[in-house]
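Written out below as structure tokens is the structure these notes cover.
No value in this document is a laboratory result; all are computed from the given coordinates. Just so it is clear, the structure is predicted and the values come from calculations on it, not from any experiment. Backbone-built Cβ (ideal geometry, glycine too); neighbour counts: all protein chains shown.
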Amino acid sequence: MDIKKSDTGVVVTDPQNDFLSEKGVTWKLVGDSVKENKTVENIERLFKAAKDRGIEVFISPHYYYPTDKGWKFGGTVEKLMHEIKMFDREGPLSLKGFEGSGADWLDRYKPYIEDGKTVIASPHKVYGPETNDLALQLRKRGISKVLVAGMSANLCVEAHVREFLEQGFQVAVVKDATAAARHPELGDGYKAALTTFGFIANAVLTTDEAVQAIQKA
């Protein structure tokens, strides 16, 4: 995958407190994987490299509004997210209680995300970008290749990778700029995702490799 400034974007899914802060509601499940991969630090390295090189950055956030509680069914993790009030917001037009909440960005990422240049897509609602405007935002800027990072590996990251591939994008996953839950019954989500990434992505990179490619773009 030939990474160029003119046609490549960095996509980060769910760089939010509920996944990446030790105070987040999922930390007991994802914390060990996040720490082992140095996910928080590696996502920041991608942000910095992209901003320094002038490569566009896109955020695909995950928010739930009170009306989303009216859903009649959902999968295992969907139900869990609603039960633990993950990514909850007061409403689509309100920022009341947002600052410092589980739905907010990790503080160390705010200088990159809130610089007036980063594209923040509308929220995805389950795992993939089919329900937000991310693909449109990429296409409108002539982006045909994406470096994907963020949380969590076997859920939102994998779902974004699959949809991007189906829509004709070239996709590289930055494997240590993501992490996933470890569950005593469901298993290790990160290991499952790595297998899938190897089968379907155009490239699977380390953060070191991704940063080097960005710097040369």
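Helix check for the chain. Which DSSP H runs span at least 18 Å along their own axis by Cα, with a mean Kyte-Doolittle hydropathy no less than -1.0? Provide the component values of the computation, followed by the final result.
Values: long enough: 39-53 (21 Å, -0.84).
Membrane-span-like by this criterion, though nothing is claimed about a membrane: 39-53.
Please give every one of the lysines within straight-line cross-link reach of Lys72, meaning a C-alpha to C-alpha distance under 26 Å, and leave out same-chain neighbours fewer than 8 residues apart.
Excluding near neighbours in sequence, the set is Lys85, Lys125.
Remind me, relative contact order of the range 114-159 in percent, using alpha carbon pairs under 8 angstrom and six or more residues apart?
Values: 29 pairs, mean separation 15.7, N = 46.
With pairs under 8 Å counted, the relative contact order is 34 percent.
Lys and Arg at +1, Asp and Glu at -1: add these up for the other residues within a Cβ distance under 15 Å of Lys38 and post the number.
Value of the local net charge: -3.
Scan the range 43-147 for chymotrypsin sites (Phe, Trp or Tyr not before Pro) in coil per DSSP, keeping those whose Cβ has at most 16 other Cβ atoms within 10 Å, and list them by number.
Values: sites: Phe47, Phe58, Tyr63, Tyr64, Trp71, Phe73, Phe87, Phe98, Trp105, Tyr109, Tyr112, Tyr127; in loops: Tyr63, Trp71, Phe73, Phe87, Phe98, Tyr127.
The qualifying sites are Trp71, Phe73, Phe98.
With +1 assigned to the C-beta of every Lys and Arg and -1 to the C-beta of every Asp and Glu, and no other charges, what is the dipole magnitude of the range 8-216 about the Cα centre in debye, to the nearest 20?
Numbers: 27 positive and 29 negative charges, 73 e Å.
The dipole of the range 8-216 has a size of about 360 debye.
Report the one residue of Ser60, Gly100, His183 whose Cα lies farthest in the direction of the positive end of the charge dipole of the range 8-216 (charges on C-beta: Lys and Arg +1, Asp and Glu -1; origin at the Cα centre).
Ser60
Can you list the lysines whose alpha carbon is less than 27 Å from that of Lys4, not counting same-chain residues fewer than 8 positions off?
Qualifying lysines at Cα under 27 Å: Lys38, Lys48, Lys51, Lys110, Lys117, Lys140, Lys145, Lys175, Lys216.
Restricting to bridges with both residues inside the chain, how much of the DSSP beta-bridge set is antiparallel, in percent to the nearest 5? Intermediate results must be reported in sequence, preceding the final value.
On the way: 4 of 28 bridges.
Here the share of antiparallel DSSP bridges comes out near 15 percent.
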